Amino acid sequence: MNKLISYIFPIYNESGNIELLYQTITDLLKQNQKYNYELIFINDGSRDDSLDKLVALQHHDKRITIIDFARNFGHQIAVTAGLDQAAGDAVIIMDSDMQDPPKVSFELIKKWEEGYDVVYAQRRTRKDTAFKKLSADLYYRTLQKVADINIPRNTGDFRLIDRKVVNELKRFKEHNRFLRGMVSFVGFKQVAVQFDRDERNAGETGYPLKKMIKFAADGIFSFSTAPLKLISNVGYLIAGISFLGILYAIAIKVSGTVVPGWTFIVTSVLFIGGIQLIMLGVLGSYIGRIYTEAQDRPLYMVNTIYTSKSD
Ligand code: UDP
Ligand code: MG
């Protein structure tokens, strides 16, 4: 029997892209009959008619499975549901807005055939705003410095993952998920394929700044304890500064001058207060995560699964 390759497409308000995506993918798959394919779409609580469009396609194409979430759970969880559902010998994760060019997935498959277990698509160029490029670059540099694992720069979740790695990823039960970090964490034979990232075809981003910041924090807090170490480092620094301040105060007292007044006291009290609150916030971020993990709620709720599979 031919090997099976599963494509995973998270969908959040992608009504304007679904038909083009489907057409492009099916044309492409016709060119490589060596494999069987399944297309898994996760409807992540879309507010538009994405689900109707998917269901219409699913009626005519037995390769399609749709997981319809009960609400929006976010991109990382949608991909997780896709990994849980996928039966393929290899799984390909792609965005559904045509930013990840479908034809690149064949290059990923080629590397897989050469024996690699994870083939991640690395952006040679990307058509995004200057702000997004700059912040992404800065973020990944920081992450590389502070994380206990090596997350390759300029990669998203566009990648091919072999079955044995998928099985390992399925054992990760963490709730604030940072998949690209988890994939780096598991090891195995990994390789990059360079590609040029396109612009979003239609619709708008489902990752506004607020979600981006949460996602970025997930990356750091899930894979690094550097912020905790930062607390004591800042503490040492401030202790050092205040020691110098004490010496200064004694020196001018001895020399007979009056220690200059309350402005200094107010600013230093506010300064220390601010630092302490920020550091409490760092602790809070970890405690919040511990709380979420302790509750151990299911990762997602499924409304309906549309599939032609009998099992
Ligand atoms: N997405 C999702 N749930 C969300 C937000 C996004 O499933 O809550 C999907 C979206 O449909 C797309 C992919 O995740 O297929 C990447 O999202 P998007 O293109 O909006 O992010 P960007 O490329 O702007 O970072
Ligand atoms: Mg996009």
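The values are calculated or read from the model by the stated rules, or taken from the named source; none is laboratory data. Computed from a prediction, not measured in an experiment: that's the story for all the values here. Glycine also receives a Cβ, built like all others from the backbone with ideal geometry; neighbour counts cover every protein chain displayed. Accessible surface is based on the protein model in full, side chains and every heavy atom, while ligands, DNA and RNA are left aside. Shrake-Rupley method; radii C 1.70, N 1.55, O 1.52, S 1.80 Å.
Scanning segment 101-143 for residues that are touching a helix residue (DSSP H, G or I) at 6+ places or on another chain (Cβ under 8 Å) and crowded, with 18+ Cβ neighbours inside 10 Å yields P102, S105, D117, V118, V119, Y120, A121, L143. Within the bounds of segment 169-186, is there any residue that is surrounded by fewer than 16 Cβ atoms within 10 Å (Cβ to Cβ) and either in a helix (DSSP H, G or I) or among the small types (G, A, S) (or both)? For segment 169-186, residues surrounded by fewer than 16 Cβ atoms within 10 Å (Cβ to Cβ) and either in a helix (DSSP H, G or I) or among the small types (G, A, S) (or both): absent. Give the residue that is nearest to Y120 (Cα to Cα), with candidates limited to residues of segment 70-97 that are part of a loop (DSSP other than H, G, I, E, B) and open to solvent by 10 Å² or more (accessible area, probe 1.4 Å). Residue satisfying both the conditions and the ranking: D95. Annotation note: Cβ proximity below 7 Å between a residue of segment 108-135 that is among the charged types (D, E, K, R) and a residue that is assigned to a helix (DSSP H, G or I) and open to solvent by 80 Å² or more (accessible area, probe 1.4 Å) (sequence gap 6+ or interchain) occurs for D117/K164; R126/K133. Within segment 1-38, the residues that satisfy the criterion of being β-branched (V, I, T) and within 14 Å of R63 (Cα to Cα) are I5, I8, I25, T26. Look at V183 and say whether it is closer than 22 Å to D296 by Cα and of a type in the set (V, I, T). Judged against the criteria, V183 is a match. Among the residues of segment 7-58, which ones are within 16 Å of ligand 1 (Cβ to nearest atom) and of a type in the set (G, A, S)? Listed by number, the residues that qualify are S15, G16, G45, S46, S50.
N72 meets each of the listed conditions (1) touching a residue at least 24 places away in the same chain (Cβ under 8 Å); (2) out of contact with any Gly (no Cβ under 9 Å at 6 or more places or on another chain) apart from (2). For segment 187-203, a tally of residues being farther than 30 Å from R47 by Cβ, in contact with a strand residue (DSSP E or B) (Cβ under 6 Å, 6 or more places away or on another chain) and open to solvent by less than 80 Å² (accessible area, probe 1.4 Å) returns 6.
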